[in-house]
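*Asks:* I am attaching a structure below and will ask some questions about it afterwards.
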Amino acid sequence: MSIITVATTKGGAGKTTLGRLILALLAMRGFKVAAVDADYNHTLTDWVTTAAKHPITVHHELDETRIVPLVSELHNSHDFVLIDTAGAASQATIFALGCADLVLVPISPSSADIVEGIKTINLIKSASMMLKRDVPARVVLTAVQPGTNIAEHIENEVAKATLPVLKTRLHRLVAFQEMSFTGIAPTSGAAGHQASNFLDDLAALGGLPESMKIAS
């Protein structure tokens with residue numbers, strides 16, 4: 001399995017940050033990776049074309065009828081495909097969920113993110129029922145500030161809502177923010193450690209190329 005969709009019904013939760021991190025780390029390790037950017041803001045496309053340091057195929061696609069054929073085409077010619085969705089529930093988002101082997105739902109430190117994260121998980125459950133197959137999903141806590149009241153509040157709210165949470169939390173670290181203009185994924189320090197653990201979590205869930213499980 002090697003198709004990951006990053007989705008949330010709210011903008012600004014960290015979708016593109018997750019997309020950049022996954023694509024950069026896999027491309028750096030020699031995998032042939034591709035991205036479908038279905039976000040109106042085309043932030044991921046801009047990053048790939050201006051900052052990414054390793055080859056990444058990217059398509060900015062807003063036509064909902066093209067999502068599934070495009071992902072299928074890219075999946076046949078690449079080791080891994082990532083789909084970045086718009087920050088809103090749409091038909092294109094439903095198609096992107098249907099394509100996925102794993103869906104990641106980023107939640108940054110805000111009450112609004114919790115509300116929209118719950119909505120997104122419910123949307124994924126509905127898509128699973130429609131498709132008659134389980135679409136695995138995990139919430140990813142982003143921009144975490146450990147030891148703060150807001151971090152504790154978010155953890156408590158996520159637990160109260162019984163959301164499926166990825167083990168690794170990504171902290172609010174400069175190295176993750178710097179990727180937006182350096183194009184370089186962190187490989188050392190706290191950010192590098194978290195990035196490595198993040199990939200291990202995804203591999204364990206079957207969201208990465210098979211050879212990744214052997215390499216990690």
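*Asks:* Out of the chymotrypsin sites (Phe, Trp or Tyr not before Pro) in the stretch 1-90, which ones are loop residues according to DSSP with at most 15 other C-beta atoms within 10 Å?
*Replies:* Of the chymotrypsin sites (Phe, Trp or Tyr not before Pro), the ones in loops of the stretch 1-90 whose Cβ has at most 15 other Cβ atoms within 10 Å are TYR40.
*Asks:* Any chance you could run the full-extension gain for GLN177 through ASN149? It's 0.36 nm times the residue separation minus the Cα-Cα distance, nm to one decimal. Each step should come with its number before you reach the end.
*Replies:* On the way: separation 28, 0.36 × 28 = 10.08 nm, distance 2.25 nm.
Here the answer is 7.8 nm.
*Asks:* Counting other C-beta atoms within 10 Å, and keeping those with at most 11, which DSSP coil trypsin sites (Lys or Arg not before Pro) do you find in the stretch 1-77? List each step's numbers first, then the result.
*Replies:* On the way: sites: LYS10, LYS15, ARG20, ARG29, LYS32, LYS53, ARG66; in loops: LYS10, ARG29, LYS32, LYS53.
Sites meeting the loop and neighbour criteria: none at all.
*Asks:* Cα atoms only: what Rg and Dmax, in Å, come out for the stretch 1-119?
*Replies:* Both quantities, over Cα of the stretch 1-119: 13.3, 40 Å.
*Asks:* Quick one: putting +1 on the C-beta of Lys and Arg, -1 on the C-beta of Asp and Glu, what dipole do you get for the chain around its Cα centre, in Debye to the nearest 20? Intermediate results must be reported in sequence, preceding the final value.
*Replies:* On the way: 17 positive and 20 negative charges, 67 e Å.
I would put it at about 320 debye.
*Asks:* Going out from 0 in 5 Å bins, what whole percent of all Cα-Cα distances in the stretch 161-205 drops into each bin?
*Replies:* Result returned by the calculation: 5, 21, 26, 22, 15, 8, 3, 1.
*Asks:* Label points 7 Å out from Cα along the Cβ direction at ASP63 and LYS125: separation in nm?
*Replies:* Modelled inter-label distance: 3.6 nm.
*Asks:* Counting pairwise Cα distances across the chain, what percent come out greater than 24 angstrom? Write out the running numbers ahead of the final one.
*Replies:* Details: 8345 of 23220 pairs.
Summing the P(r) tail past 24 Å for the chain gives 36 percent.
*Asks:* Could you estimate the translational diffusion coefficient of the stretch 49-90 from the Stokes-Einstein equation, with Rh from the Kirkwood formula over C-alpha pairs, at 10 °C and 1.306 mPa s, in whole µm²/s? Write out the running numbers ahead of the final one.
*Replies:* Working: Rh = 11.9 Å.
Diffusion coefficient, whole number: 134 µm²/s.
*Asks:* Further question on the same structure: Which whole-number percentage describes the relative contact order of the chain, with Cα contacts under 8 Å and a sequence gap of 6 or more? Provide the component values of the computation, followed by the final result.
*Replies:* Values: 406 pairs, mean separation 56.1, N = 216.
Reported as a whole number, the value is 26 percent.
*Asks:* Which whole-number percent of Cα pairs in the stretch 101-163 have a distance greater than 15 Å?
*Replies:* On the way: 976 of 1953 pairs.
Counting every Cα pair in the stretch 101-163, those more than 15 Å apart make up 50 percent.
*Asks:* Could you check the spin-label model distance between ASN41 and ALA112? Points 7 Å from the Cα along Cα→Cβ, value in nm.
*Replies:* Modelled inter-label distance: 1.1 nm.
*Asks:* If the viscosity is 1.567 mPa s and the temperature 4 °C, what Stokes-Einstein diffusion coefficient in µm²/s follows for the stretch 1-43 when Rh is the Kirkwood radius over Cα pairs? Numbers along the way, then the final one.
*Replies:* On the way: Rh = 11.4 Å.
D, rounded to a whole number, is 113 µm²/s.
*Asks:* Taking 41 Å as R0, compute the FRET efficiency from the Cβ-Cβ separation of GLN91 and ALA204 and round it to 0.05. Could you put the intermediate results ahead of the total?
*Replies:* Values: r = 31 Å, r/R0 = 0.76.
So, using R0 = 41 Å, E works out to roughly 0.85.
*Asks:* Along Cα→Cβ, 7 Å out, is where each label goes; now give me the distance between the ones at ASN76 and LYS32 in nm to one decimal.
*Replies:* Between ASN76 and LYS32, the simple spin-label model gives 1.3 nm.
*Asks:* Consider just the alpha-carbon atoms of the stretch 138-212 and return their Rg together with their Dmax, both in angstrom.
*Replies:* 13.6, 40
Just so you know, all these numbers are worked out from the coordinates, no wet-lab data involved. What you see is a predicted model; the values in this text were computed from it and never measured. In this analysis, Cβ positions are derived from the backbone assuming ideal geometry, glycine residues included, and neighbour counts consider all displayed protein chains.
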